[in-house]
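Novice: Have a look at this one before I ask anything.
The values are calculated or read from the model by the stated rules, or taken from the named source; none is laboratory data. Note that this is a predicted model, so its numbers are computed, not measured. Every residue, glycine as well, gets a Cβ built from its backbone with ideal geometry; the counts of neighbours run over all protein chains shown. Just so you know, the surface numbers come from the protein's heavy atoms only, side chains and all, with ligands and any DNA or RNA stripped out. Shrake-Rupley method; radii C 1.70, N 1.55, O 1.52, S 1.80 Å.
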Amino acid sequence: MLVRCAYLWTPTRPFFPRQKSFVLDQNPTEPTVQVLPRENSERALASRNYHNVTMKALILVGGFGTRLRPLTLSVPKPLVDFANKPMILHQIEALKAIGVKEVVLAINYQPEVMLNFLKEFEEKLGIKITCSQETEPLGTAGPLALARDKLVDESGEPFFVLNSDVISEYPLKEMIEFHKSHGGEASIMVTKVDEPSKYGVVVMEESTGKVEKFVEKPKLFVGNKINAGIYLLNPSVLDKIELRPTSIEKEVFPKIAAEQQLYAMVLPGFWMDIGQPKDYITGLRLYLNSLRKNSSSKLAVGSHIVGNVLVDETAKIGEGCLIGPDVAIGPGCVVEAGVRLSRCTVMRGVRIKKHACISSSIIGWHSTVGQWARVENMTILGEDVHVGDEIYSNGGVVLPHKEIKSSILKPEIVM
């Protein structure tokens, strides 16, 4: 099973380093793109339709997902539900939407589980999914060298690379045009942050997008843009990567930037790394807000709904509930009468009994929350956890298949 990925969404306003005007050939059988004589055409698209080319993508699936335990004790991190579908499916669907035909999963943990699960979607979406398995952790660049034969073909076209736990509006089509317009070797997506001192900052020319350097956790302000974990790379980039544990952010990209071949596109819309519970909940808020702007018909409506709420059509909600804001309720869930939910995810097959209250928490698959129970402060219930009636959980992290009979008064792990 071969997988190639590409992200796509229709973002608001993409960033282009140089403004170009394009016209389409009027011959419907051989559509081409021409650059008008406003600028040199050396680096522009050759006279052909780029989207007729079969593109590939590699998703960095990563390792054990320890930051999202106990959820990742049941499934690999990319299969953890986010907004009622596995994280990785958001990315694969976005890639499919822009014409990516093959996706490679760079993985070193439970590859059989991943591939067996994705086989259904491979057929449904009409996209090939394959696995490149590491025998040892290879960092963020080594997996590209390992998967070289899967990514490079005679077309010589660039390929996407994505981090599996990044959620955004995936402006992949715009990234293709950006990459072709600057003519460099690699494009990275960057996003603006409020506190750049916590991150590695990308210093770039604002007018062209050319990356000058990277500064790790700067004490003095040098910029507010960070790597968003979405790349479009020419095959020649693979010649710079050795088959060993390597960091693409700290070793490969600085070399390409020094050669003035690395460009950065500012990501429109929201962005979040949802690889840990607090950021997962924040990412859900941002994602639902994006749905409100771009596809509001997918959100729930009614007198019992407050703000942005996503409810699977197979879920059942009782009388007198108040749901929202920023809630996702998965398939087959049962929410009984008088329940209050806010800023939380309720995964597939969960039952929430009468008058329970859940906020800022994640309720894992097939769990139960008892009557008048109160669950809050980043409580994470693993799969098949059962919280008794009138129990209070203040930040409890509960491993799968447990029964909670006494309150959790302060954040702790329940083994």
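Novice: Using the Cα atoms of the range 74-209, I'd like the radius of gyration and the largest Cα-Cα distance, Dmax, both in angstrom.
Specialist: Considering the range 74-209 through its Cα atoms, Rg and Dmax are 16.2, 47 Å.
Novice: Ok, one more. Students often check this: by mean Cβ neighbours within 10 Å, which of 193-205, 335-347 ranks highest, and how do the rest follow?
Specialist: Numbers: 193-205: 15.8, 335-347: 22.2.
For the peptides 193-205, 335-347, the packing ranking is 335-347, 193-205.
Novice: Restricting everything to alpha-carbon atoms, can you work out Rg to Rh for the range 140-181 with a Kirkwood hydrodynamic radius?
Specialist: 1.00
Novice: Could you run the Karplus curve 6.51 cos²θ - 1.76 cosθ + 1.60 with θ = phi - 60° over the range 243-259 and give me ³J(HN,Hα) per residue in whole Hz, x for Gly and Pro?
Specialist: 7, 7, x, 9, 9, 5, 6, 9, 10, 7, 4, x, 5, 5, 5, 4, 8
Novice: Now for a separate question. Most fluctuating residue of ALA83, ALA186, ALA315 in a GNM of the chain with Cα springs under 10 Å: which is it?
Specialist: Highest fluctuation among the options: ALA315.
Novice: I've got another one for you. Rg over Rh of the range 315-415, using C-alpha atoms and the Kirkwood radius, what does it come to? Could the numbers behind the result be given before it?
Specialist: Details: Rg = 11.7 Å, Rh = 12.7 Å.
My calculation puts Rg/Rh at 0.92.
Novice: Counting pairs of alpha carbon atoms under 8 Å apart in space and at least six apart in sequence, what relative contact order in percent does the range 322-415 give? Present the calculation step by step, with values, prior to reporting the outcome.
Specialist: Working: 311 pairs, mean separation 16.8, N = 94.
Reported as a whole number, the value is 18 percent.
Novice: In whole percent, and with a 1.4 Å probe on the protein chains, what portion of the accessible area of the chain is carbon and sulfur?
Specialist: Working: 8970 of 18540 Å².
Percent of accessible area from carbon and sulfur atoms in the chain: 48.
Novice: Related question: Treating only the Cβ of Lys, Arg, Asp and Glu as charged (+1, +1, -1, -1), what charge dipole size does the range 47-163 show about its Cα centre? Round to the nearest 20 debye.
Specialist: 280
Novice: Solvent-accessible area of GLU376, probe 1.4 Å, all protein chains present, reported in Å² to the nearest ten, please.
Specialist: Here the residue's solvent-accessible area equals roughly 40 Å².
Novice: Please report the antiparallel percentage of DSSP beta bridges with both residues in the chain, rounded to the nearest 5. Mind showing how you got there, number by number?
Specialist: Numbers: 26 of 87 bridges.
Restricted to the chain, the bridges split so that about 30 percent are antiparallel.
Novice: What is the angle, in °, between the Cα long axis of helix 172-182 and the longest principal axis of the Cα atoms in the chain? Nearest 10 is fine, range 0 to 90.
Specialist: Compared with the principal axis, the helix lies near 30 degrees.
Novice: Among the lysines, select those whose C-alpha is under 29 Å from the C-alpha of LYS402, and discard any that sit fewer than 8 residues away in the same chain.
Specialist: Those lysines meeting the cut-off are LYS77, LYS85, LYS278, LYS316, LYS353, LYS354, LYS410.
Novice: Next up: Can you tell which of PRO245, PRO235, PRO70 shows the greatest fluctuation in a Gaussian network model of the chain with Cα springs below 10 Å?
Specialist: Answer for the Gaussian network model of the chain: PRO245.
Novice: For the range 259-327, treating each Cα as an identical point scatterer without solvent, what Debye log10 I(q)/I(0) comes out at q = 0.13, 0.18, 0.24, 0.27 1/Å?
Specialist: Ignoring solvent entirely, the Cα scatterers give -0.49, -0.78, -1.10, -1.21.
Novice: Here is a follow-up. In the chain, if the dipole is taken from +1 on Lys/Arg beta carbons and -1 on Asp/Glu beta carbons about the Cα centre, which of MET272, VAL334, PRO158 is farthest to the positive end?
Specialist: VAL334
Novice: Now a separate question. Express the Stokes-Einstein translational diffusion coefficient of the range 275-363 in µm² s⁻¹, to the nearest whole number, given a Kirkwood radius over alpha-carbon pairs, 20 °C and a viscosity of 1.002 mPa s. It would help to have the intermediate numbers written out before the result.
Specialist: On the way: Rh = 12.8 Å.
It comes out at roughly 168 µm²/s.
Novice: How large is the dipole of the range 100-144 about the Cα centre if only Lys and Arg carry +1 and Asp and Glu carry -1, each at its Cβ, rounded to the nearest 20 debye? Walk me through the intermediate numbers first.
Specialist: Numbers: 4 positive and 7 negative charges, 36 e Å.
Result for the range 100-144 is approximately 180 debye, rounded to the nearest 20.
Novice: Now, a different point. For the range 185-253, just run the numbers: alpha carbon Rg, then divide by 2.2 N^0.38 Å, N being how many residues it has. Show your work: numbers first, answer last.
Specialist: On the way: Rg = 12.7 Å, N = 69, 2.2 N^0.38 = 11.0 Å.
My calculation over the Cα atoms of the range 185-253 gives 1.16.
Novice: Working out 0.36 nm times the residue gap between VAL203 and ASP153, then minus their Cα-Cα distance, what length gain in nm do you get to one decimal?
Specialist: Values: separation 50, 0.36 × 50 = 18.00 nm, distance 3.27 nm.
Between VAL203 and ASP153, full extension yields 14.7 nm more.
Novice: Follow-up. Determine the dipole magnitude for the chain: charges of +1 sit on the beta-carbon of Lys and Arg, -1 on that of Asp and Glu, nothing else is charged, the reference point is the Cα centre, and the result goes in debye to the nearest 20. Provide the component values of the computation, followed by the final result.
Specialist: Numbers: 48 positive and 47 negative charges, 160 e Å.
It works out to roughly 760 debye.
Novice: With both bridge residues required to lie in the range 257-380, what share of the DSSP beta bridges run antiparallel, to the nearest 5%?
Specialist: Numbers: 0 of 24 bridges.
Percentage antiparallel, nearest 5: 0.
Novice: Still on this structure: What spacing in nm lies between the two simple spin-label points modelled at LYS410 and LEU299, each 7 Å away from Cα in the Cβ direction?
Specialist: Between LYS410 and LEU299, the simple spin-label model gives 3.9 nm.
Novice: Also, quick follow-up: For the chain, what is the mean residue ellipticity at 222 nm derived from helices alone (per DSSP H run of n ≥ 4: -39500 (n - 2.57); sum divided by total residues; nearest 500 deg cm²/dmol)? Display every interim value, and only then the final one.
Specialist: Numbers: 7 runs with 70 residues, N = 415.
So the helix-based figure for the chain works out to -5000 deg cm²/dmol.
Novice: Another question about this same structure. Sorted by mean Cβ packing within 10 Å, highest first, what order do the peptides 74-81, 318-325 take? Can you show the working numbers first?
Specialist: Working: 74-81: 22.6, 318-325: 16.1.
Taking the mean over residues of other Cβ atoms within 10 Å, the ranking is 74-81, 318-325.
Novice: What is the mean projected area of the alpha carbon convex hull for the chain, to one decimal in square nanometres?
Specialist: Values: hull surface 86.1 nm².
Its average projected convex-hull area is 21.5 nm².
Novice: What angle, in degrees between 0 and 90 and rounded to the nearest 10, separates the Cα long axis of helix 87-97 from the longest principal axis of the Cα atoms of the chain?
Specialist: 40
Novice: Using the heavy atoms of the protein chains and a 1.4 angstrom probe, tell me the accessible area per residue for the range 191-313 in square angstrom. Don't jump to the answer; show the numbers that get you there.
Specialist: On the way: 6120 Å² over 123 residues.
Per-residue value: 50 Å².
Novice: Counting alpha carbon pairs within less than 8 Å and at least 6 residues apart, what relative contact order, in whole percent, applies to the chain?
Specialist: Values: 1099 pairs, mean separation 57.1, N = 415.
The normalised contact order for the chain reaches 14 percent.
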